[in-house]
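The values are calculated or read from the model by the stated rules, or taken from the named source; none is laboratory data. Bear in mind the structure is a predicted one, so any value in this text is a computation, not a measurement. In this analysis, Cβ positions are derived from the backbone assuming ideal geometry, glycine residues included, and neighbour counts consider all displayed protein chains.
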Amino acid sequence: MTYPKVLRRDMPIAICAEIEWRAVNPKSFDDVNLDIDNGADGGTSSSVAAEFEIEITLTKRRPASWGPKVERLRINEHQLTEDAFVPKTYRVTLERGEFRSREDLSRLSASEMPLWADRFALRLLFDKSPYPPRQEWKQPEGMPDANKVWEWKEFCGRRFPRA
């Protein structure tokens, strides 16, 4: 499967590429239950919906949905070494519950979070970051070192309606 991956956080774009991924063991998805009809429970509990291994390949291809403007950007292979584009295997846990984004939690504790802040029903926990490690950046000084994206291992999705 192919999906776009964009790294941009109040900064110039460094990565805007399609990724290819495949399940190492597709049967590990057979019993996944992503039902969230019961809604959020206030963040007091979470449950494991699935544990699996995936292989992810960051490509040099820029997402067509971004149009011709993305072709002018010095991204992907201009920012990363060839090792960044080699397939890598990850152990991933998919959890159901109520989660706050890593970004929000870096600024406020869960108890200080305003009611209007985004809440998410799903969280992916990677054993290691799906972003290229520091040694795979051509010039890690600056934005890469400031943001340490190679430490990002937790990602939320499926936003709950706002309160």
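Note on the stretch 111-163: residues that are touching a helix residue (DSSP H, G or I) at 6+ places or on another chain (Cβ under 6 Å), farther than 15 Å from Thr93 by Cβ, at pLDDT 90 or above and not charged (D, E, K, R) amount to 6.
For the stretch 53-78, a residue qualifies if it is of a type outside the set (S, T, N, Q) and assigned to a helix (DSSP H, G or I), and the qualifying residues are Ala64, Trp66, Pro68, Lys69, Val70, Glu71, Arg72, Glu77, His78. Note on the stretch 40-89: among residues that are closer than 18 Å to Lys138 by Cα and exposed (fewer than 14 other Cβ atoms within 10 Å of the Cβ), the one that is modelled with the lowest pLDDT is Arg74.
Of the residues Gly67, Gly157, which single one is touching a residue at least 24 places away in the same chain (Cβ under 8 Å) and within 23 Å of Cys16 (Cβ to Cβ)? Being touching a residue at least 24 places away in the same chain (Cβ under 8 Å) and within 23 Å of Cys16 (Cβ to Cβ) holds for just one of Gly67, Gly157, which is Gly157.
Being of a type in the set (Phe, Trp, Tyr), surrounded by 11 or more Cβ atoms within 10 Å (Cβ to Cβ) and under 30 Å from Val32 (Cα atoms), is that true of even one residue in the stretch 123-136?
Yes; the residues of the stretch 123-136 include at least one that is of a type in the set (Phe, Trp, Tyr), surrounded by 11 or more Cβ atoms within 10 Å (Cβ to Cβ) and under 30 Å from Val32 (Cα atoms).
Residues that are under 18 Å from the mean Cα position of the chain (by Cα) and among the charged types (D, E, K, R) within the stretch 146-163 comprise Lys148, Glu151, Lys153, Glu154, Arg158, Arg159, listed in sequence order. Scanning the stretch 141-163 for residues that are outside any helix (DSSP H, G or I) and surrounded by 18 or more Cβ atoms within 10 Å (Cβ to Cβ) yields a single hit, Cys156.
Criterion applied to Arg107, Arg100, Arg72 was being among the charged types (D, E, K, R) and in contact with a helix residue (DSSP H, G or I) (Cβ under 7 Å, 6 or more places away or on another chain), and the one residue passing it is Arg100. May I ask you to verify whether Thr93 is among the hydroxyl-bearing types (Ser, Thr, Tyr), closer than 20 Å to Glu151 by Cα and touching a residue at least 12 places away in the same chain (Cβ under 8 Å)? It is true that Thr93 is among the hydroxyl-bearing types (Ser, Thr, Tyr), closer than 20 Å to Glu151 by Cα and touching a residue at least 12 places away in the same chain (Cβ under 8 Å).
In the stretch 1-20, which residues are at pLDDT 80 or above and crowded, with 16+ Cβ neighbours inside 10 Å?
Those that are at pLDDT 80 or above and crowded, with 16+ Cβ neighbours inside 10 Å: Ile13, Ala14, Ile15, Cys16, Ala17, Glu18, Ile19.
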